[in-house]
Amino acid sequence: MLTKIGKTKQDVIEAANYLKMGELVAFPTETVYGLGGNALDSEASKKIYAVKGRPSDNPLIVHLSTWDEIHSIARPTPAAKKLYEAFCPGPITMILPKLPVVPDETTGGRNTVAVRFPSHPVARDLIALAGVPVAAPSANLSKHVSPTSAEHVYQDLGGRIPMILDGGECDVGIESTIVDLTGENPVVLRPGDITAEEIKRVLGEADYYKGEIKEALAPGMKYKHYSPSVPCYLADEKSLKTALENLTEKGINAVVIATDDTLVTLGNCPAISLGSTPREAQHRIYGALRDSERYQAAIIEDLSDKKEYFAAMDRIKKATGGNKL
Ligand code: TXA
Ligand code: MG
């Protein structure tokens, strides 16, 4: 299959027609690129799992363009409305009780549905023109690094889908914050640009999920995620240099992924910068992980002691599996 890269308004109309016909298209959001299909069409959802090679018990996020559309797929709670008013459109996903119209294939057989209102104008246009809720996981092959540019999507899914809408580099760079609103208190299942503290300010309550990842919770969390195709390791600022030397001695051409402040202390070595702020680190991490695939290994700076890097570190821990040298 030939994959068209779309950029014009006409291309967005064409992409919306693909969605209406039950086909899949990739599109930009402010977080990462999504692989979209009609969320109400079980065959389209099945295609999403097949194209990504994703386990079918890992449910999809349903993307909407306006609040009113929520009543066609979910039973929103007062907390959902408050979060919508505070953060949407934007990088937050809410887990809510679902309506029967949403097929089991979309929600992995759950009685809940994940709902998100992306802010990227191309995503909003696409959903509005398609006139259906759009199920979309990140547009990467299962277990690989999430895509933050149309080129990343092409690397993974080129030839597998008819169209990729190119909306430039994603602003946020890591996936949306997921908050479960079906329990007594809101629980953040996946950290993102919007923090539990910010949610708490709006709802009065909210905590990060701390327990063991069980089947019943965000199932995606139990899988290996966000990993480049080369081995990658975690090292704190002080041990980066020795880690690099160890690998070099073994004849392994490794790259260091770290913040600018740390990189200047290392001197001349193969390096990919995470910038100098938590937002820059979030924006750059997935591109950095993909770029590291040009080397034989990657050593990533452990930023766990800096609270503001919590969301970026969540992805770094998943990419490295917490492995140290
Ligand atoms: O930023 C994002 O959220 C991106 C863009 C494309 O919108 N999408 C995304 O989708 O990250 P995906 O499929 O890669 O991650 C969806 C996560 C998975 O961990 C999944 O288990 C969880 O959402 N999820 C979906 N529905 C759920 C539900 N009903 N209950 C609990 N977790 C759910
Ligand atoms: Mg994903």
- line: With criteria (1) among the hydroxyl-bearing types (Ser, Thr, Tyr); (2) crowded, with 22+ Cβ neighbours inside 10 Å; (3) at pLDDT below 95, SER146 comes up short on (3)
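Table: residues versus (1) over 18 Å from ARG284 (Cβ atoms); (2) of a type outside the set (Lys, Arg).
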| position | (1), (2) |
| --- | --- |
| PHE117 | yes, yes |
| ILE127 | yes, yes |
| PRO133 | yes, yes |
| SER138 | no, yes |
| LYS143 | yes, no |
| HIS152 | no, yes |
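Of the residues ILE199, ILE252, only one is modelled with pLDDT of 95 or more, more than 16 Å from ligand 2 (Cβ to nearest atom) and in the same structural domain as SER142 (by TED's automatic domain parsing); which?
Result of the check over ILE199, ILE252: ILE199.
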- prompt: How about the range 43-74: which of its residues are within 14 Å of ligand 2 (Cβ to nearest atom) and hydrophobic (A, V, I, L, M, F, W, C)?
  reply: ILE48, VAL51, LEU60, ILE61
- prompt: What is the one condition in (1) more than 11 Å from ligand 1 (Cβ to nearest atom); (2) within 26 Å of THR3 (Cα to Cα) that TYR208 does not satisfy?
  reply: (2)
- line: When restricted to GLU85, GLU151, the only residue free of Cβ contacts under 8 Å to residues at least 12 places away in the same chain, more than 12 Å from ligand 1 (Cβ to nearest atom), under 20 Å from the mean Cα position of the chain (by Cα) and part of a helix (DSSP H, G or I) is GLU151
- prompt: Before we move on, is ALA86 more than 15 Å from ligand 2 (Cβ to nearest atom), surrounded by fewer than 20 Cβ atoms within 10 Å (Cβ to Cβ), modelled with pLDDT of 95 or more and on the phi < 0 side of the Ramachandran plot?
  reply: yes
message: Can you go through LEU189, LEU157 and tell me which one is more than 11 Å from ligand 1 (Cβ to nearest atom) and crowded, with 16+ Cβ neighbours inside 10 Å?
response: LEU157
statement: Going through the range 155-181 in order, the residues found to be more than 17 Å from ALA15 (Cα to Cα), touching a strand residue (DSSP E or B) at 6+ places or on another chain (Cβ under 9 Å), within 16 Å of ligand 2 (Cβ to nearest atom) and not in a loop (DSSP other than H, G, I, E, B) are THR177, ILE178
field: Top-ranked residue of the range 243-300 - restricted to ones that are under 21 Å from SER176 (Cβ atoms) and of a type in the set (A, V, I, L, M, F, W, C), ranked as farthest from the chain's Cα centre (by Cα)
entry: LEU274
field: Selection from the range 253-281 of residues that are in a strand (DSSP E or B) and aliphatic (A, V, I, L, M)
entry: ALA254, VAL255, VAL256, ILE257, ALA258, ALA271, ILE272
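The values are calculated or read from the model by the stated rules, or taken from the named source; none is laboratory data. Values in this document were obtained by computation on a predicted structure and should not be read as measured data. Please note: Cβ atoms are built from the backbone with ideal geometry, for glycine as well, and neighbour counts cover all protein chains shown.
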